[in-house]
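Enquirer: Below is the structure I would like to discuss, written out as structure tokens.
The values are calculated or read from the model by the stated rules, or taken from the named source; none is laboratory data. Note that this is a predicted model, so its numbers are computed, not measured. All Cβ positions, glycine included, derive from the backbone under ideal geometry; neighbour counts span all protein chains shown. With ligands, DNA and RNA removed, areas are computed over all heavy atoms of the protein, side chains included. Shrake-Rupley method; radii C 1.70, N 1.55, O 1.52, S 1.80 Å.
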Amino acid sequence: MDEVLSKLQRYSLATISCGIALALAWPIDAPASCFLLAVTVSSLFGGLGPGLLSVGFSASAFDYFFLRRTVPPAVEPAVFLRFAVFLLAALLITGLMEAKRRVEESRNRTEVALRLAESDLARVSRATTMGELTASLAHEVNQPIAAALTDANTCLRWLNRDHPDMEEAREAASRIVKDATRAAEIIGRVRLLFKRGAPQRELVDINEIIREMVALMRSELTRHSISVRTEFAEDIPRIMGDRVQLQQVLMNLMVNGIDAMKDVDGTRQLAIKSQRAENEQLTVTVSDTGVGLPPQQTEQIFNAFFTTKADGTGMGLRISRSIVESHGGRLWAADNSPRGASFYFILPATIEGHE
């Protein structure tokens, strides 16, 4: 029904355009210009069918109201040549408008396909990274589950006494709820990172996203004896963004920092900082004390398939930069002194989301 209505509207546009062109052309005796404009409008907004209908209406009106309105009707060769030129111009305009419309439709389809491909690539990258962290994630989930089992047994012992201690049992049950909730939150974060779908923009708190990713990566950091230092700007404005995509950026940068530090001697520290920037923007910095950036390749590391890891895909930083840029921001890197590297990304804040 909607498609039929749309077609009716497009063909009605052609009819109305020709009627308006006739009304304008009659008093000023300029049919060619007015009817060509009607053909252009009909073809541009209606497509090929309405464009050809407009050509037919325009040609009929041109002939009937302008070539035949002299008494006797004009029959000079110049008049017929004028009509032929008009008809040819009208058909040419219709063809050009249709070609333009098809090119735009093709470009729109290509852009949609590209966005879907980028989304799928980002999801595959998330899945690959999460696969590499399986052992740590399993340990992270196992901890609250094991604690809940211990508390459940403790609760049963308190209840099975000759004189049940309800207060102790209640406290043990509360700990069970707390541990189960923690396990569910971890699983929920992992499921969110695996989900497939179009980006969902909403007001998000970048500090909250950082806390979530630190909690998710805690076991991996502990496994490699890496300490975490976070520094959050207070009363920071929220940003309009996709939570999952921004989580992926943080995860990629944190995983890179862990990889850069896990085999080095000395202090291993990952520092994550949020701060206000100029022009209502905010900056997030992820710094490590690892091996640093490849010499003379500070920008190359963001190229697709460029990697310094033996088993790396070379897509993590490329995807991260694309995500940040799609949010209207910028991502770059710099060496630390005396060792390590820092990654910075800047995002526009949303004043309306200020709390």
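Enquirer: Points 7 angstrom from Cα along the Cβ direction at residue 88 and residue 350: gap in nanometres?
Expert: 5.7 nm
Enquirer: With a 1.4 Å probe and all protein chains kept in place, how do 103, 112 rank by accessible area, largest first?
Expert: Sorted by accessible area, descending: 103, 112.
Enquirer: Keeping the other protein chains in place, figure out the carbon and sulfur percent of the accessible area of the stretch 234-289, with a 1.4 Å probe.
Expert: 36 percent
Enquirer: Still on this structure, I have one more. Separation between the residue 229 and residue 180 pseudo-spin-labels, each 7 Å from Cα along Cα→Cβ, expressed in nm?
Expert: 4.0 nm
Enquirer: I would also like to ask the following. Out of the stretch 202-275, which trypsin sites (Lys or Arg not before Pro) are coil in DSSP terms and have no more than 16 other C-beta atoms within 10 Å?
Expert: Answer by residue number: 262.
Enquirer: Also, I was wondering about something else. Once you place label points 7 Å from the Cα toward the Cβ at residue 300 and residue 275, how far apart are they in nm?
Expert: Roughly 3.0 nm, to one decimal.
Enquirer: List the residues of the stretch 281-300 whose backbone N lies under 15 Å from a point placed 7 Å from the Cα of residue 339 along the Cα-to-Cβ direction.
Expert: The answer is 288-294, whose backbone nitrogens lie closer than 15 Å to the label point.
Enquirer: On average, how much accessible surface per residue is there in the stretch 196-264, in Å², for a 1.4 Å probe, leaving out ligands, DNA and RNA?
Expert: Normalised by residue count, the accessible surface of the stretch 196-264 is 42 Å².
Enquirer: Right, here's the next one. Find how much the distance from residue 15 to residue 111 grows on full extension, using 0.36 nm per residue of separation minus their present alpha carbon separation; answer in nm with one decimal.
Expert: 31.2 nm
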